[in-house]
Amino acid sequence: MEKISSFTIDHLRLLPGIYVSRKDKINSETVTTFDIRMTRPNYEPVMNTGEVHAIEHLGATFLRNHKEYKDKCVYFGPMGCRTGFYLLLAGDYKSEDIVGLIEEMFTFIRDFEGDVPGACAKDCGNYLDMNLPMAKYLAGKYLTDIIQGITPMHLNYPE
């Protein structure tokens, strides 16, 4: 079998950031897949499932209610390696096009108060595995360390 493109990225040189992972054509529409990398692979600890799950619920809720992007959001969910998330948007985008959106989303997560949307047995298959305080901490860390003042090396995959 051929190695898929996401496994050809040098994860030893990959930094946290926002990257275009792939673009797919579906009829006349382009779907852009973003790699929202929150931790440095193989160098930093991965996120635990509780905070990943809380970020997923809050991020998906935010994106699917966003005034500009709600009808463009195809998917937001975690990477299996727990170092970040995938965001799929209908449209042909570059990484720098969504920095503002990602800043808004992580600000929403960092500042969120109350019950995590969908965190109950009726709405979620694993609602007890949520860690809102850690999700808020990681969102704030990502905002300060990466998003605010983001540079090209955090927007383009290493060559």
Per DSSP helix of 4 or more residues, -39500 (n - 2.57); summed, then divided by the residues of the chain. What does that give at 222 nm, rounded to the nearest 500? -8000 deg cm²/dmol
Within straight-line cross-link reach of Lys23, lysines at Cα separation under 20 Å, skipping those fewer than 8 residues along the same chain: Lys3, Lys70, Lys72, Lys94
With springs only between Cα atoms under 10 Å, which of Tyr142, Tyr93, Tyr43 fluctuates most in a Gaussian network model of the chain? Tyr43
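Apply 1/(1 + (r/R0)^6) to the Cβ-Cβ distance of Met1 and Lys67, taking R0 = 41 Å, and write down the FRET efficiency to the nearest 0.05. Can you show the working numbers first?
Values: r = 42 Å, r/R0 = 1.03.
Once rounded, the FRET efficiency stands at 0.45.
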Taking the Cα centre of each part, how many Å lie between the range 1-18 and the range 77-133? 21 Å
List the trypsin sites (Lys or Arg not before Pro) within the range 94-159 that fall in a DSSP loop (any state other than H, G, I, E or B) and whose Cβ has at most 15 other Cβ atoms within 10 Å. Lys94, Lys122
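If you rank Thr49, Thr83, Thr33 by fewest surrounding Cβ atoms within 10 Å, what's the result? Walk me through the numbers on the way to the answer.
On the way: Thr49 15, Thr83 24, Thr33 18.
So the ranking, lowest neighbour count to highest, is Thr49, Thr33, Thr83.
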Extending each Cα 7 Å along its Cβ direction at Arg22 and Met134, get the distance between those two points in nm, one decimal. 3.0 nm
Quick note on Ser21, Ser5, ordering by fewest other C-beta atoms within 10 Å, gives Ser5, Ser21
Residues whose built amide H sits under 5 Å from the amide H of Arg22, excluding neighbours closer than 5 in sequence, are Thr33
Convex hull per residue volume in Å³, alpha carbons only, for the chain: 138 Å³
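Values in this text are rule-based calculations from the coordinates and carry no lab data. Remember, predicted model here, so these are calculated numbers, not experimental data. So basically every Cβ, Gly included, is an ideal-geometry build from the backbone, and we count neighbours across all protein chains shown.
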